[in-house]
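Below you'll find the structure, written out as C-alpha cells, and then a few comments.
The values are calculated or read from the model by the stated rules, or taken from the named source; none is laboratory data. Remember, predicted model here, so these are calculated numbers, not experimental data. Cβ sites come from the backbone with ideal geometry, for glycine too, and all protein chains shown count toward neighbours.
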Amino acid sequence: MRPQNGHDSPNDMVTAPWYRRLSWEWMMLALIIPVAVAVSLIFPDKGERIAEVSKTFFLEMLYILPAVMVLMGLFSVWVSKDVVVKYLGSGSGLRGLLLSMLLGALPTGPLYVAFPMGAMLIRKGARIANVMAFLSAWACIKIPQEMVELQFMGWQFTATRLLLTVILVGVMCLLAERVYLLRDQGESGHSS
C-alpha cells in the first residue's frame, strides 16, 4: 500500500515544495470560503442560507464527533487486529462482505460518522471491498429505515429494493476493490 499523504517519509514532506505540502482538505476549504463569500455578496438571501446551514452542520458535528472519537478509541482497544482480519480481511470472502453490510446497516446517524470507522477498519486489516460495503450499507441499508419503508411501501417493494441493493452493492464493492488494487499496483510499479 502507498502512504496516505503520497510521500514516502516525513523527511520528504519537509523538503517538498510548499504547494505539495498543502493538504487536500485545506485547499478545498480555501476554495469554498471565497465562493461562499462571493455568493453571499451577489445573492444576500442565499448568503443567509449558507451561514445557517454551515452553522447547523458545524454544531451537529460538534455534538456527534466527540462520541465518534470515543467509539473509535474503544473499537481500537477492544477489537483486535486478528479478529478484524479473520472476519473482514482478504480471506473473508462473501461472508465478510455480508457481515460488513450487516454492520453498516445496524447503526443510525449521518454518513460522515462512518468514514472514521472505515479508516479504522482498513488500519486493522479489513479488505477494501468490505469497508466499501460497510460504508454503502450505512448510506442505503439501515434497519430503522427499512422498518419505515416496510410500513409505507409494503413488504414486496422493501424486499425487492433490499435484495437489489445488497446484490448491486456487493458487485460494486468487488469491482471498486479490483480497480483500487490495479491502480495501487500500477503506482507501485512506476515507483520501483
Confirm whether V148 is at pLDDT 95 or above and β-branched (V, I, T). no
Look through the range 129-165, keep the residues that are without any contact (Cβ under 8 Å) to a residue 12 or more places away in the chain and of a type outside the set (A, V, I, L, M), and return whichever of them is nearest to G93 (Cα to Cα). T160
Any chance you could count how many residues in the range 51-109 are modelled with pLDDT of 85 or more, farther than 23 Å from R123 by Cα and of a type outside the set (F, W, Y)? 9
When you scan the range 32-47, do you find a residue that is under 27 Å from A114 (Cβ atoms) and of a type in the set (D, E, K, R), even just one? no
Being closer than 22 Å to V85 by Cβ and either in contact (Cβ under 8 Å) with a residue 40 or more places away in the chain or among the hydroxyl-bearing types (S, T, Y) (or both) is true for just one of L106, L99, L181. Which residue is that? L181
Checking L74, L106 in turn, the sole residue that is among the aliphatic types (A, V, I, L, M) and touching a helix residue (DSSP H, G or I) at 6+ places or on another chain (Cβ under 9 Å) turns out to be L106
Residue match in the range 11-20 (condition: of a type in the set (K, R), farther than 30 Å from G125 by Cβ and modelled with pLDDT of 60 or more): no
For the range 73-192, which helices (runs of 4 or more DSSP H) that fit wholly inside it have 2 or more residues that are at positive phi and buried (at least 17 other Cβ atoms within 10 Å of the Cβ)? none
